[in-house]
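In what follows, a structure is listed as structure tokens, so that the remarks can point back to it.
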Amino acid sequence: MPTDVENWKSEVYGNEIRDHLLEFAEQGWDSIPEDEHDEWFERFKWWGLYHQRNGQESYFMMRIGTPNGVLTPGQTEVVAEVADEYARGPADNPIFGDGYVDWTTRQSIQLHWIKLEDIPEIFDKLESVGLSTQQACGDSWRNIVGCPVAGKDKHEHVDALPVAMELNEEYKGNEDHSNLPRKWKVSVTGCREGCGQGDINDLALEPATKEIDGDEVKGFNIRVGGGLSRNEPRLARDIDVFVTPEQAPEVSGAISALFRDNGDRENRYNARIKFLMDEWGPEKFRNVLQEEYVDYELETAGEDLRSEYSYNSGYANGGHSDHVGIHEQPDGNYYVGLDVLVGRMGVDDTKELARVADEYGSGEVRVTQRQNVIITDVPEEKLDALKSEDLLEHYSPDPHPFMRGSVACTGTEFCSLSIVETKNRQVRYARWLKENVELPEGVEDFHIHLSGCTASCAQPQIADVSLRGMKTRKDGEPVEALDIGLGGGLGENPNFADWVAQRIPVDEVPGAIENLLANFEDEREGDETFREFVERTDEEALADLVEPEETSYEDPMMHNTKMTWYPYADDDSMDASPAPTDGEGNSLQADD
Amino acid sequence: MAVALRILDDGAWISVNDHREVSVSELWRFVDPTFCACTLPDMVVENFIEVGVDGRTVEVRVYGQCIACGEKSTTEWLPVGRIVDGEFRDIDRESVLAPTGVTEHQE
């Protein structure tokens with residue numbers, strides 16, 4: 001039997017949701033029939049709007065899709081203006097203040113505290129510069145990710161940006177692909193470093209070379225069925241198909257159609273294509289694709305570049321582990337990657353980013369899957385002046401490794417799924433570690449990813465230290481806790497972290513990392529990386545290296561932050577919530 | 001009176017008549033020797049699997065982990081609230097939850 005969500009989708013879904021959304025916005029929050037909240041909030045996701053969690057009713061997270069993470073000149077300024085004017089809530093965040101922009105692990109943008117009534121104006125402003133929230137959430141093609149410096153990387157195999165853009169153009173708003181069984185995450189990469197992270201996407205196009213009719217043709221190998229969520233992480237499987245850049249849109253659409261027709265619509269837990277791949281295996285998958293969805297004979301896979309992959313790998317093989325720093329482009333200009341701690345940037349800083357990108361570069365800004373931003377097209381003679389800008393003091397191209405390595409999801413601040421507070425906590429962790437812990441000599445990359453739950457939006461399984469939200473009791477009282485995993489990473493032979501320590505109270509995690517690093521330094525052989533060290537150490541021994549303990553670190557959010565209406569409010573109890581509010585932010589509770 | 005019961009957002013919460021009523025991250029205690037070896041499992045709720053109603057009692061099956069022993073499993077039906085005059089009323093989920101059996105499957 002189809003789920004409620006499938007039934008709602010069969011009634012109204014895709015582009016047509018917009019008219020309803022704008023009508024509700026025009027008439028105000030109360031115009032959404034109370035007995036239709038669930039169905040409309042499910043549908044609004046397709047237009048990038050996610051109803052915030054319990055206690056924050058009537059406020060939405062808005063996700064803006066930026067294909068391949070590219071913000072063209074002028075777009076960053078509009079994002080900052082929209083955040084400034086519309087993304088301000090009823091309470092401040094103690095670290096980030098009131099009004100901020102989140103750069104996400106899928107190279108998108110998230111704003112919070114968006115009111116329904118403001119959506120038409122926001123859409124107008126975004127669309128005036130070519131930005132859109134279409135399909136940023138919901139069961140369809142999500143924001144397409146890829147190497148954020150595609151076309152500006154001196155060493156790339158093929159410039160995949162035109163392919164990513166063509167896929168975006170073809171499959172955003174495409175009625176044949178707008179109602180899939182579940183979300184559809186696509187990665188297109190042409191670089192040698194693997195920074196599209198194809199292994200953890202539903203559909204991955206990865207750089208390859210194939211000899212066809214005696215010619216060496218550059219294009220992509222295809223993998224299908226990767227993903228990290230729900231305690232069921234999968235690496236995308238090689239389906240033995242090579243496509244040229246010209247064939248990529250057709251074959252990608254064919255695979256999306258295969259998913260549309262064969263994915264499980266009766267059980268949303270089993271709906272992602274990774275489960276279909278579990279059932280079929282790559283050989284059957286390829287056969288069905290060839291026989292039922294593609295009109296020409298598919299090429300077998302070409303020679304790939306996976307042995308060169310370095311991004312998020314935990315190995316020191318000479319390639320980039322991220323995009324932070326100053327790097328020359330093929331045209332002689334430079335791109336400057338800035339570290340944004342946990343991906344969150346205040347509105348004033350975002351305005352500054354737009355100004356600086358315009359003054360020193362082309363005005364373009366690109367977003368990476370490590371929640372950082374890149375200013376592109378900076379002439380060499382402007383680099384010194386750019387480096388002296390105040391903005392780069394806070395968002396450094398040469399940050400401390402603990403700052404550089406931090407990634408965190410949204411957490412209980414706004415998200416229904418999360419079990420613990422995340423972004424502010426990871427900021428506190430990174431600052432404490434920077435002040436108190438020495439990294440072993442020569443260790444410049446050390447990735448700590450904090451995810452609030454098993455949905456894994458912070459991609460915890462592919463970090464050196466993986467942190468995942470949990471609960472425990474301490475002195476008999478329930479407290480927020482984290483599972484600790486070690487040794488995850490991508491690269492030629494990707495591996496998910498082993499969860500070696502469970503339910504560590506959050507105030508003991510910095511001490512655990514401090515002790516872990518001290519133990520690593522003691523037992524390290526030569527200049528091996530942390531991942532290499534973990535790989536040669538058995539799991540039981542690893543667990544012994546994690547020695548949680550209280551330190552000078554103090555955590556102000558030990559309690560159940562999910563039970564607050566907003567964890568940082570002076571009065572954080574659910575009863576103190578002003579939500580729902582009207583278009584002016586006035587509480588509607590008296591009318592309820 | 002018909003009551004709409006749903007699990008939404010990847011099993012993150014239970015909706016009763018289009019209101020969010022029960023969410024992941026709570027700690028529940030209940031007696032169930034099949035869940036883990038603990039006399040009284042102390043479980044963090046990670047995902048709602050099924051929701052149903054037994055008379056006026058709203059019950060769920062959830063995936064979770066006992067924070068005392070670490071066992072991860074799915075529970076039998078556990079009560080989380082009652083429907084009174086068409087409205088959901090929380091039961092005290094910080095006390096020991098007592099399974100009542102039954103349950104008409106709704107999701």
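Bear in mind these aren't lab numbers, they're just calculated from the coordinates by the rules spelled out. Here the structure is a predicted model, which means the values were calculated and not measured. Positions of Cβ are generated from backbone atoms using ideal geometry, with glycine treated the same way; all protein chains shown enter the neighbour counts.
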Q: Give the distance, in whole Å, between the Cα centre of the range B:9-61 and the Cα centre of the range A:450-489.
A: 21
Q: For B:Asp90, put the label point 7 Å out on the Cα→Cβ axis and report which residues of the range A:552-573 keep their amide N under 15 Å from it.
A: A:560-566, A:572-573
Q: Enumerate the calculated ³J(HN,Hα) couplings along the range A:354-366 in order (Karplus 6.51 cos²θ - 1.76 cosθ + 1.60, θ = phi - 60°), each rounded to whole Hz, writing x wherever the residue is Gly or Pro.
A: 4, 5, 5, 4, 6, 6, 9, x, 8, x, 6, 10, 10
(Q) Considering only C-alpha atoms, what is the centroid distance from the range A:46-63 to the range A:103-123, in Å? (A) 9
Q. According to a simple spin-label model (label point 7 Å from Cα along Cα-to-Cβ), what is the distance in nm between B:Glu71 and A:Gln329?
A. 6.0
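What does the C-alpha gyration tensor say about the overall shape of the range A:295-437? Classify as rounded when a/c is under 1.5, otherwise prolate if a/b is larger than b/c, or oblate. Could you put the intermediate results ahead of the total?
Numbers: a/c = 1.64, a/b = 1.10, b/c = 1.49.
The shape class here is oblate.
Could you tell me what percent of the DSSP beta bridges with both partners in chain A are antiparallel, to the nearest 5? Working shown, then result.
Numbers: 64 of 77 bridges.
Close to 85 percent.
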**Q.** Shape category assigned to the range A:125-205 from the gyration tensor of Cα positions, a/c cut at 1.5
**A.** oblate
Q.
From the phi angles alone, apply the Karplus equation (6.51, -1.76, 1.60; θ = phi - 60°) to the range B:31-45 and give each ³J(HN,Hα) in whole Hz, x where the residue is Gly or Pro.
A. 9, 6, x, 8, 6, 7, 7, 6, 4, 9, x, 10, 10, 8, 7
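So how do B:Met43, A:Met574, A:Met277 line up by other beta-carbon neighbours within 10 Å, fewest first?
Working: B:Met43 29, A:Met574 12, A:Met277 23.
The fewest-first ordering by Cβ neighbours comes to A:Met574, A:Met277, B:Met43.
Quantify how strongly other chains surround peptide A:117-128 by giving the mean number of their Cβ atoms within 10 Å of each of its Cβ atoms. Numbers along the way, then the final one.
Working: counts 0, 0, 0, 0, 0, 0, 0, 0, 0, 0, 0, 0.
Taking all residues of A:117-128 together, the mean is 0.
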Q. Dipole magnitude of the range B:5-105 about its Cα centre, charges +1 at Lys/Arg Cβ and -1 at Asp/Glu Cβ only, in debye to the nearest 20?
A. 120
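Taking Cα pairs under 8 Å and at least six residues apart, what relative contact order does chain A come out at, in percent? Present the calculation step by step, with values, prior to reporting the outcome.
On the way: 1400 pairs, mean separation 80.1, N = 592.
Dividing the mean separation by the residue count of chain A yields 14 percent.
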Q: With a Förster radius of 45 Å, plug the Cβ-Cβ distance of A:Asp35 and A:Glu540 into 1/(1 + (r/R0)^6) and report the FRET value to the nearest 0.05.
A: 0.25
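Report the FRET efficiency, 1/(1 + (r/R0)^6), for A:His559 and B:Val3, where r is their Cβ-Cβ distance and R0 is 41 Å, rounded to 0.05.
Numbers: r = 32 Å, r/R0 = 0.78.
The formula returns an efficiency of 0.80 here.
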Q: Work out the FRET efficiency for A:Asn493 and A:Lys382 from their Cβ-Cβ distance, taking R0 = 35 Å, and round it to the nearest 0.05.
A: 0.30
**Q.** Ascending count of other beta-carbon atoms within 10 Å, so fewest first, for B:Val62, A:Val158, A:Val378, B:Val84
**A.** B:Val84, A:Val158, A:Val378, B:Val62
(Q) Output wanted: per-residue J couplings in Hz (rounded whole) for the range A:73-80, from phi through Karplus 6.51 cos²θ - 1.76 cosθ + 1.60, θ = phi - 60°, x for Gly and Pro. (A) x, x, 6, 4, 4, 5, 4, 5
**Q.** Averaged over A:266-273, number of beta-carbon atoms from partner chains that fall within 10 Å
**A.** 1
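Using the Cα gyration tensor of chain A, with a ≥ b ≥ c the square roots of its eigenvalues, what is the shape: rounded (a/c below 1.5), prolate (a/b larger than b/c) or oblate (neither)? Intermediate values should be presented prior to the final figure.
Values: a/c = 1.28, a/b = 1.03, b/c = 1.24.
Verdict is rounded for chain A.
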